[in-house]
Structure formats: C-alpha cells, structure tokens
Amino acid sequence: MKILYVSNMFPTQKHIYYGIHVQEQIEGFKKKFGIDSMLYFINALENGKIEYVKAIFGLKKTINKFDPEIIHIHYGLSGLFLLFFRPKCKVFITLHGGDILPKQGKYMQLFFTRKILKKVDKAFILNGEMAEILSELKIPFEILPCGVDIDCFNQNQDYIIRNKTNKVLVFPGDSARPVKNFPLFKKVYEEVRKKYPYNLDMKIVHNLKREEVVDLLSSGDCLVMTSLSEGSPQIIKEALSCNLPVVSVNVGDVSNVIEDLPGCFVSNTYSVTELAECIFRSFDSDIKGLREKFIKKGLYDNDSIFKRLLQAYKN
C-alpha cells in the first residue's frame, strides 16, 4: 500500500504545534503498519495562498513519480488540485473544522471544500455537525477523528502536589484566535477567582513542545474550553490522557469524549455563571482513574484510530 498525504497542516520551526496531530497520525500509522508513504506539504501558513496554486502543478508531478494507490488529504483547501485534475487512485479527505463548519466564518473555504468533496471517494469527519452537512451533500463519510498518543500524554507525577491550596485553570489554544473565545474564558476565570477561597491561576496551551504540553496539563486542575466552534479538539483528549478533567461548552464532539468521566462537565450555554459552577463541581470531584476510564473507551487512542483507518483504506 502506497499512500500520498497532502496537507496544509504540519509543524514547522516557526509553528511547532500547528498540525502536529496530522504529523503524529501519518508517522504513527506508518510505524505501526510499515506503510510506504510520502507527504506533500502545502505551507500556506508561512508562504501565503500562492502555495495552493503551486501545489496544482507540483502534485501532478509528485503523483506521476510516486504512483500512490491512495491519496489522503488533510483539510479541505489542500484538495484544491482536485478541481483541476482527478488522479486515478482512491482519494480520501479528512476535514478538520474551519474547512466545513460555518460557525468558524471561513465562507470562501466552505465554498471550495464543498466543490472538492464531490471529487473524493470518502471523507473522514469529526462530529455529528459535520455528519449533517455531508449527509445533505450526499458525500460518503465516516466519523474518524485523529487519535491521541496515550504513551506520550501521561500525567507527569512530578507536577502533582497533594492538598495544594491553589488551583490552575487551563485555556486550550491560541488566545488570539477569535474562534477559541478567550474573552469568555477570562470572564469565567474572574468569576471563579471571586468565589474561590484560595489562589487561582491560569495557563495557556499554545505553540509548546510535546513535553511542555504534558507538563502544563499535569500541573493544571481543570481545562476549560469556551470555543465558538470545534471539530474534535485534540487538546481535550490530551488533557484526559494526563488525568486532567475538562469543563466545556457543548462544542464539536466534546460531550461524547468526556461522557461519564469523573470531574468532567458540559455546559449547554455560554453562561459565565454556569461554566463557573461546572468548574467548582469539577474541583470537588474525585478524579481518581480519569485517565484509565478515558482509555478504556477504546475510541480515541492512536492504536484504535489506526486500525479503523487501515480498515477504511482496505474497504
């Protein structure tokens, strides 16, 4: 099996966290099954949208030379070349959020993604909201999010302080991105700080090395997601793997991921008061065994996702 991956999401020296879940899926899948694969990276984040135009010509040469049996595209715009030529091999696409979800406000991307979807054999999507969209478009799909490396994301015991009198709230993402809704997180943080009898601090997960993310998650007490829209946020799975409970608005697939897990709560509104109450409930919860219960679901670890991905390719 020869697979050509095409992605505009992949880590660089300037953006070490950008698309790292795509990198981990590609490299982890290759390592587990010994797949012959190649990556065509469209670095539009650093070099501009002209990279998509260059890819139309560059990919044609790469496909002719590599002769893949499967092309797997990550992110809608990465498949722009399909509007100019359609390779004879099977073509899969993974949608990640902003490429198909209207709430993220990338309307031009939505337009092109819908055109591109007509050219693929199957789409991998992340949640029920995406499923409704692709059902309307009559595109074959499977809900198959990216998994988490549970060996890498394991609670760092050095950061556990018993009976500590301060708490740490973790914000999951770039606070400058409007879709992550940092202003709401800050209001919730202030609300909790007013009512919490001890010290309260906040930490932000953004553009960190993997070991730094593990350390940060291990030192937190609750991860609080206030996003306006999400697909299947990796940081939620990473937090749970590090035994960090999650409080979130009802966005993406978060409610499914944290269902029945101790110390984890979903707010059905964007109410500051309701989110703060959820955080207090999380503080009061016994979270012993949170990581183990998350892993036991067998739905979000890399090995489980890789097996499903291989089956989808074979089918």
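The values are calculated or read from the model by the stated rules, or taken from the named source; none is laboratory data. Just so we're clear, the structure is a prediction, and the values are computed from it rather than from any experiment. Neighbour counts are summed over all protein chains in view; Cβ atoms, including those assigned to glycine, are modelled from backbone coordinates with ideal geometry. With ligands, DNA and RNA removed, areas are computed over all heavy atoms of the protein, side chains included. Shrake-Rupley method; radii C 1.70, N 1.55, O 1.52, S 1.80 Å.
Of all residues in the stretch 18-60, which are out of contact with any Asp or Glu (no Cβ under 6 Å at 6 or more places or on another chain), of a type in the set (Gly, Ala, Ser) and either surrounded by fewer than 16 Cβ atoms within 10 Å (Cβ to Cβ) or more than 21 Å from Gln311 (Cα to Cα) (or both)?
Residues satisfying the conditions are Gly19, Gly34, Gly48, Ala55, Gly58.
Looking at Phe66, Phe81, which one is crowded, with 22+ Cβ neighbours inside 10 Å and not aliphatic (A, V, I, L, M)? Step through it out loud before you land on a result.
Working: Phe66 fails: crowded, with 22+ Cβ neighbours inside 10 Å.
Among Phe66, Phe81, only Phe81 is crowded, with 22+ Cβ neighbours inside 10 Å and not aliphatic (A, V, I, L, M).
Is there any pair with a first residue in the stretch 301-313 that is under 18 Å from Lys237 (Cα atoms) and a second that is among the small types (Gly, Ala, Ser) and surrounded by 15 or more Cβ atoms within 10 Å (Cβ to Cβ) whose Cβ atoms are under 6 Å apart and which are 6 or more apart or on different chains, and what are they?
Asp301/Gly147; Asn302/Gly28; Asn302/Gly147; Ile305/Gly147
Any idea how many residues of the stretch 287-313 are out of contact with any strand residue (DSSP E or B) (no Cβ under 9 Å at 6 or more places or on another chain) and more than 26 Å from Ser227 (Cα to Cα)?
Result for the stretch 287-313: 10.
Of the residues Val251, Val247, which is at pLDDT 95 or above, buried (at least 21 other Cβ atoms within 10 Å of the Cβ) and more than 14 Å from the chain's Cα centre (by Cα)?
Details: Val251 fails: more than 14 Å from the chain's Cα centre (by Cα).
Result of the check over Val251, Val247: Val247.
How many residues are surrounded by fewer than 18 Cβ atoms within 10 Å (Cβ to Cβ) and either part of a loop (DSSP other than H, G, I, E, B) or more than 18 Å from the chain's Cα centre (by Cα) (or both) when one looks only at the stretch 284-304?
Total satisfying the criteria: 11.
On the given criteria, is Ile258 among the β-branched types (Val, Ile, Thr) and surrounded by fewer than 19 Cβ atoms within 10 Å (Cβ to Cβ)? Give the steps one after another, and end with the answer.
Values: among the β-branched types (Val, Ile, Thr): yes; surrounded by fewer than 19 Cβ atoms within 10 Å (Cβ to Cβ): no.
No; evaluated as a whole, the condition is false for this residue.
Please specify each residue of the stretch 1-33 satisfying the condition of being acidic (Asp, Glu) and under 12 Å from the mean Cα position of the chain (by Cα). Spell out how you get there, then give the answer.
First pass over the stretch 1-33, keeping only residues acidic (Asp, Glu): 24, 27.
Scanning the stretch 1-33 gives a single hit, Glu24.
Filter the stretch 258-283 down to residues that are touching a residue at least 12 places away in the same chain (Cβ under 8 Å), under 19 Å from the mean Cα position of the chain (by Cα) and not in a strand (DSSP E or B), then give me how many there are.
2
So, restricting to helices (runs of 4 or more DSSP H) that lie completely within the stretch 1-94, which ones have at least 2 residues that are without any contact (Cβ under 8 Å) to a residue 12 or more places away in the chain?
20-33, 50-66
Looking only at the stretch 305-315, how many residues end up being open to solvent by 40 Å² or more (accessible area, probe 1.4 Å) and assigned to a helix (DSSP H, G or I)? Before you say what the answer is, go through the steps one by one.
Start the filter on the stretch 305-315 by keeping residues that are open to solvent by 40 Å² or more (accessible area, probe 1.4 Å), which leaves 307-308, 311, 314-315.
Imposing the further condition that a residue be assigned to a helix (DSSP H, G or I) reduces the set to 307-308, 311, 314.
The number of residues fulfilling the criteria is 4.
Looking only at the stretch 5-15, filter to residues that are out of contact with any Gly (no Cβ under 9 Å at 6 or more places or on another chain) and closer than 22 Å to Pro145 by Cβ; which one of those is most open to solvent (accessible area, probe 1.4 Å)?
Across the stretch 5-15, the extreme among qualifying residues is His15.
Suppose we filter Leu216, Leu169 for residues that are within 30 Å of Gly98 (Cα to Cα), buried (at least 19 other Cβ atoms within 10 Å of the Cβ), free of Cβ contacts under 8 Å to residues at least 60 places away in the same chain and of a type in the set (A, V, I, L, M, F, W, C); which single one remains? I'd like the intermediate steps shown before the answer.
Working: Leu169 fails: free of Cβ contacts under 8 Å to residues at least 60 places away in the same chain.
Exactly one residue qualifies, and that residue is Leu216.
For the stretch 125-156, give me each residue that is out of contact with any strand residue (DSSP E or B) (no Cβ under 7 Å at 6 or more places or on another chain) and farther than 16 Å from His96 by Cα.
Ser135, Glu136, Leu137, Lys138, Asp149, Asp151, Cys152, Phe153, Asn154, Gln155, Asn156
Give me the residue from the stretch 106-141 that is outside any helix (DSSP H, G or I) and open to solvent by 40 Å² or more (accessible area, probe 1.4 Å) and, out of that set, farthest from Val91 (Cα to Cα). Full working, then the answer.
Of the stretch 106-141, the ones outside any helix (DSSP H, G or I) are 106, 118-127, 138-141.
From the residues that got through so far, the ones that are open to solvent by 40 Å² or more (accessible area, probe 1.4 Å) too are 106, 118-119, 121-122, 138, 140-141.
Working: Lys106: 24, Lys118: 11, Lys119: 8, Asp121: 5, Lys122: 7, Lys138: 16, Pro140: 12, Phe141: 12 Å.
Step by step, filter the stretch 106-141, then rank; the result is Lys106.
Out of all the residues in the stretch 87-100, which are crowded, with 19+ Cβ neighbours inside 10 Å and either farther than 21 Å from Phe10 by Cα or of a type in the set (Ser, Thr, Tyr) (or both)? Explain how you work it out, then say what you get.
From the stretch 87-100, those crowded, with 19+ Cβ neighbours inside 10 Å are 91-100; that's our starting set.
Of everything in the stretch 87-100, just one residue is crowded, with 19+ Cβ neighbours inside 10 Å and either farther than 21 Å from Phe10 by Cα or of a type in the set (Ser, Thr, Tyr) (or both), namely Thr94.
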